[in-house]
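The values are calculated or read from the model by the stated rules, or taken from the named source; none is laboratory data. None of the values given here were measured: they were computed from a predicted structure. FYI the Cβ positions are ideal-geometry reconstructions off the backbone, even for glycines, and counts take in every protein chain you see. These accessible areas exclude ligands, DNA and RNA; they are computed on the full protein's heavy atoms, side chains included. Shrake-Rupley method; radii C 1.70, N 1.55, O 1.52, S 1.80 Å.
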Amino acid sequence: MSQRNPFKLFVSHLWQDQDDYFRVFEYLESTTNFYYLNYSKPAEKPAGTKEDLKAELRRQIEPAETVIILSSMYEDFREWIEFQVNAAQAMNKPLIVMEGFGTGDVPDWLRDRADEIGEWNHRSIEDAVRRTARHEDTNRWEVIEFDWPTEESKD
């Protein structure tokens, strides 16, 4: 993966500002050497009917390699989140379902459809994208550094 071959992402949205939507990109931007294209366009709400909105969502999902679903939106906007999940699955797109920010909750309906459950940290999101989009294994290990006490430090 490089700047010439960025990951293609779609993040669920409802044609309006959502904190968790922007939070995904804040986390992705805090990674190093991780390049992506965002195909979700919440600011480009088409005029027209509900079917026009659905057609635009399908158009945005189609080029994505993986789809990130924000579970925090599920209870209030169930119909639209279920539509985005079903559209992504119909196109054989892998799903990363993000836990509720600060709660860790994931509704059962979403958990059952997720390829991965994402935690709210940049490494978890990046690794989930790498695994679902391109089957890359990051093999990361958490490293904790500490100093052993010496005789001098005991005084």
Original post:
Where nothing but the Cβ of Lys and Arg (+1) and of Asp and Glu (-1) is charged, how large is the charge dipole of the chain around its Cα centre, in debye to the nearest 20?
Top reply: 1040
Subject >> Residue list for the stretch 1-38, given a label point 7 angstrom along the Cα-to-Cβ vector of GLU82 and an amide N cut-off under 20 Å >> reply: 12-15
Original post:
For PHE101, which sequence-distant residues (separation of 5 or more, or a different chain) have an amide H within less than 5 Å of its own amide H, given hydrogens modelled in the peptide plane?
Top reply: SER72
Original post:
Along the charge dipole of the chain, Cβ charges K/R +1 and D/E -1, which of TYR35, ILE117, SER71 sits furthest on the positive end?
Top reply: TYR35
Original post:
Over the stretch 1-102, what is the relative contact order in whole percent, taking alpha-carbon pairs under 8 Å and six or more residues apart?
Top reply: 31
Original post:
Using θ = phi - 60° and the Karplus curve 6.51 cos²θ - 1.76 cosθ + 1.60, what whole-Hz ³J(HN,Hα) does each residue of the stretch 12-17 get, with Gly and Pro shown as x?
Top reply: 4, 8, 9, 6, 8, 5
Original post:
Say each of ARG58 and PHE34 gets a label point 7 Å from the Cα, pointing the same way as Cα to Cβ; how far apart are those two points in nm?
Top reply: 3.2
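On the protein heavy atoms, probe 1.4 angstrom, tell me the percent of accessible surface of the chain carried by carbon and sulfur. It would help to have the intermediate numbers written out before the result.
Details: 4160 of 9270 Å².
Roughly 45 percent of what the probe reaches on the chain is carbon or sulfur.
P(r) tail for the stretch 35-155, what percent of Cα pairs lie past 16 Å? Before the final figure, lay out each step's value.
Details: 4898 of 7260 pairs.
Summing the P(r) of the stretch 35-155 above 16 Å gives 67 percent of all pairs.
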Original post:
Measuring with a 1.4 Å probe in the full set of protein chains, what accessible area per residue, in whole Å², belongs to the chain?
Top reply: 60
**OP:** Go ahead and run the numbers for FRET between HIS135 and ARG111, Cβ-Cβ distance against an R0 of 30 Å, rounding to 0.05.
**Re:** 0.90
**OP:** For the stretch 47-94, compute Rh as the Kirkwood radius over C-alpha pairs and then the Stokes-Einstein diffusion coefficient at 25 °C and 0.890 mPa s; write the answer in µm²/s, rounded to an integer.
**Re:** 220
**OP:** Would you calculate a helix-derived [θ] at 222 nm for the chain, using -39,500 (n - 2.57) for each DSSP H run of n ≥ 4 and dividing by the full residue count, to the nearest 500?
**Re:** -11000 deg cm²/dmol
Original post:
In a solvent-free Debye calculation with one equal scatterer on each Cα, what is log10 I(q)/I(0) for the stretch 1-74 at q = 0.14 Å⁻¹, listed in the order of the q values?
Top reply: -0.47
Subject >> Anchor LYS93: aspartates and glutamates whose Cα lies under 17 Å away (excluding residues fewer than 8 positions away in-chain) >> reply: GLU56, GLU62, GLU65, GLU82, ASP112, ASP115, GLU116, GLU126, ASP127, GLU136
